[in-house]
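Chemist: Take a look at the following structure, please.
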Amino acid sequence: MKLKTLAQVSAIAALAGIGMPAFAQQTVTWWDFFAGGDGVRMKALIEQFNEEHPDVQIEGTTLEWGVPFYTKVRTSAAVGRGPDLMTYHLSRMPLGLSEGVLTPITDADLEAAGLSEGDFFASSLDAAKGPDGSLYAVPFDIHSIVLYYNKSYLEGTRFLDEEGQLTGIESLADFEEAMQAAADNGSESPVTYATGDDGGTYRVFYTLLSQQGGTLISDDGEVLPGDSAEKAVKAVEIMTNWHDQGWQPEQALYEASVALFTSGKSAFQLNGVWEVPTMKDLEKNGNLGFEWGAVEIPKLMDTRTTWADSHAWAIPVQGDEEMDPAKREAVMQVIGWMEKHAIQWADAGHIPAYKPVAESEAFKTMEPNATYSSLADGATYDPRSEVAGVASPAYDAAQNIISPAMHGYLSAEDAIEQVKSELESKMN
């Protein structure tokens, strides 16, 4: 018996009145690194896209976050066995460009997605470009650290307004006064962040450095140029003082640092917007025990700015092969759809990088996101360097050098000298 072709089977089925499933004209192979609440939300978006687009189907795979993901991207791109579309941290853009794994996103590509460069916040768009000005990724969100606060420890102080919102923190002195007031009101650890981990330590340090106008690595590769070393020392001294005053936890790992806030022991938490769903879920289930809020990191130093990064969409190199134009158009269709449905991603605490969604009424009523969304205009991204960004030597230095310094194992000056030497050695 001869096997019938798909066309013959479809024709027979049509004559017989039998329904046939829709066959995708294009399959977009997708890699991401989303776990937890981010992973749940992204899988829901993929499922919705596939339901709405029988002609283009996403075939998604989630890989391990961090170094394993970027290593696999590099090796797969070299042999042409990578995905058609992948998520990418904009802070790792310099690494991707140095490794030659990213393809430029052209104006024609954006047009195919129904997008334009003017649709995105300048801070994220700049971080998505290479030194030549070409776009190498499409920003999806802006995620940053914010200041979470427990209202119960601030009652009766000048730091809550009549509506119970945080107020009066306009300098480092104000913030430290608020922490002491919280301690006087019984807070065990007035401010919590991951003081023993790379991410928590780095992001607080980098924010304090950036608010002074300091530069960790210049665009031409100089580590702590000009007076930035002095400003970096000042940042470490501030964090050390918080430790010495008993305001922050002792070498807390990430999960422990979050637990200090969610259990009601800390008045403040310096952490990413990605913990907003944790707070909302605890509140919804009646397991929180206090009223909370979240705001942009206040202007503690000279400038209002905060460490930030973005998840973005990137199209990797396919070995020596060029992507089929029809496939590339399908990939851009996926990107455009995701951007226009970013309100569902914002539910994870993120700020949409796509301004039509960030400026929509739906987002303006999404709290606390709308309250801290002002940080999008003043965000400071990681240096444009192969040794900076998520899961990089800069993060390692925060854990291995800055964290020990603020716990008293070496001076701030010695720590910054070591950070400078360590990062310079990684560039050679």
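The values are calculated or read from the model by the stated rules, or taken from the named source; none is laboratory data. These figures come from a predicted structure and were not determined experimentally. Positions of Cβ are generated from backbone atoms using ideal geometry, with glycine treated the same way; all protein chains shown enter the neighbour counts. These accessible areas exclude ligands, DNA and RNA; they are computed on the full protein's heavy atoms, side chains included. Shrake-Rupley method; radii C 1.70, N 1.55, O 1.52, S 1.80 Å.
Chemist: Just give me the residues in region 152-174 being open to solvent by 20 Å² or more (accessible area, probe 1.4 Å) and over 30 Å from S123 (Cβ atoms), in sequence order.
Modeler: Hits for region 152-174 are S152, Y153, E155, G156, T157, R158, L160, E162.
Each row is one residue, and each column tells you yes or no for (1) closer than 30 Å to I105 by Cα; (2) assigned to a helix (DSSP H, G or I); (3) in contact with an Asp or Glu (Cβ under 9 Å, 6 or more places away or on another chain).
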{"position": "V236", "(1), (2), (3)": "no, yes, yes"}
{"position": "N271", "(1), (2), (3)": "no, no, no"}
{"position": "L300", "(1), (2), (3)": "no, no, yes"}
{"position": "A312", "(1), (2), (3)": "yes, no, yes"}
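Chemist: Kindly provide the set of residues from region 248-275 that are open to solvent by 20 Å² or more (accessible area, probe 1.4 Å), in contact (Cβ under 8 Å) with a residue 60 or more places away in the chain and over 24 Å from V390 (Cβ atoms), ordered by number.
Modeler: Passing the criteria: E250, K265.
Chemist: Moving on to the next point. Determine, yes or no, whether V223 is touching a strand residue (DSSP E or B) at 6+ places or on another chain (Cβ under 8 Å), over 15 Å from T305 (Cβ atoms) and in contact (Cβ under 8 Å) with a residue 40 or more places away in the chain.
Modeler: Here the answer is yes, as V223 does meet what is asked.
Chemist: Which one of the conditions (1) under 27 Å from L95 (Cβ atoms); (2) at pLDDT 95 or above does D219 fail to meet, given that it meets all the rest?
Modeler: In the conditions (1) under 27 Å from L95 (Cβ atoms); (2) at pLDDT 95 or above, D219 misses (2) alone.
Chemist: Looking only at residues that are of a type in the set (D, E, K, R) and more than 30 Å from T75 (Cβ to Cβ) in region 98-120, which one is most open to solvent (accessible area, probe 1.4 Å)?
Modeler: Here the answer is E111.
Chemist: Moving on to the next point. Inside region 47-84, can you point out the residues that are of a type in the set (V, I, T) and either crowded, with 18+ Cβ neighbours inside 10 Å or at positive phi (or both)?
Modeler: Answer for region 47-84, where residues must be of a type in the set (V, I, T) and either crowded, with 18+ Cβ neighbours inside 10 Å or at positive phi (or both): V56, I58, V73.
Chemist: Moving to a separate point now. Which one of these is aliphatic (A, V, I, L, M), under 19 Å from T207 (Cβ atoms) and either under 14 Å from the mean Cα position of the chain (by Cα) or open to solvent by 50 Å² or more (accessible area, probe 1.4 Å) (or both): A376, A353, A348, A362?
Modeler: Criteria check complete, one pass: A376.
Chemist: If you take the residues in region 168-226 that are in a loop (DSSP other than H, G, I, E, B) and charged (D, E, K, R), which one is farthest from F290 (Cα to Cα)?
Modeler: Selected residue: D220.
Chemist: Regarding Y206, is this residue aromatic (F, W, Y), closer than 17 Å to P249 by Cβ and open to solvent by less than 30 Å² (accessible area, probe 1.4 Å)?
Modeler: no
Chemist: Only one residue in G80, G66 is small (G, A, S), over 23 Å from Q26 (Cβ atoms) and in contact (Cβ under 8 Å) with a residue 40 or more places away in the chain, so which one is that?
Modeler: None of the other options fit; the residue is G66.
Chemist: Also, I was wondering about something else. S123 versus (1) out of contact with any strand residue (DSSP E or B) (no Cβ under 7 Å at 6 or more places or on another chain); (2) outside any loop (DSSP other than H, G, I, E, B); (3) open to solvent by 10 Å² or more (accessible area, probe 1.4 Å); (4) within 30 Å of G200 (Cα to Cα): which is the lone unmet condition?
Modeler: Here S123 clears every test but (1).
Chemist: Taking region 277-332 as the region of interest, how many residues are over 30 Å from S210 (Cβ atoms) and not hydrophobic (A, V, I, L, M, F, W, C)?
Modeler: 19
Chemist: Within region 401-415, does at least one residue satisfy the condition of being assigned to a helix (DSSP H, G or I), of a type in the set (D, E) and open to solvent by less than 10 Å² (accessible area, probe 1.4 Å)?
Modeler: no
Chemist: What is the one condition in (1) surrounded by fewer than 18 Cβ atoms within 10 Å (Cβ to Cβ); (2) in contact (Cβ under 8 Å) with a residue 40 or more places away in the chain; (3) of a type in the set (V, I, T) that I343 does not satisfy?
Modeler: Tallying (1) surrounded by fewer than 18 Cβ atoms within 10 Å (Cβ to Cβ); (2) in contact (Cβ under 8 Å) with a residue 40 or more places away in the chain; (3) of a type in the set (V, I, T), I343 fails exactly one: (2).
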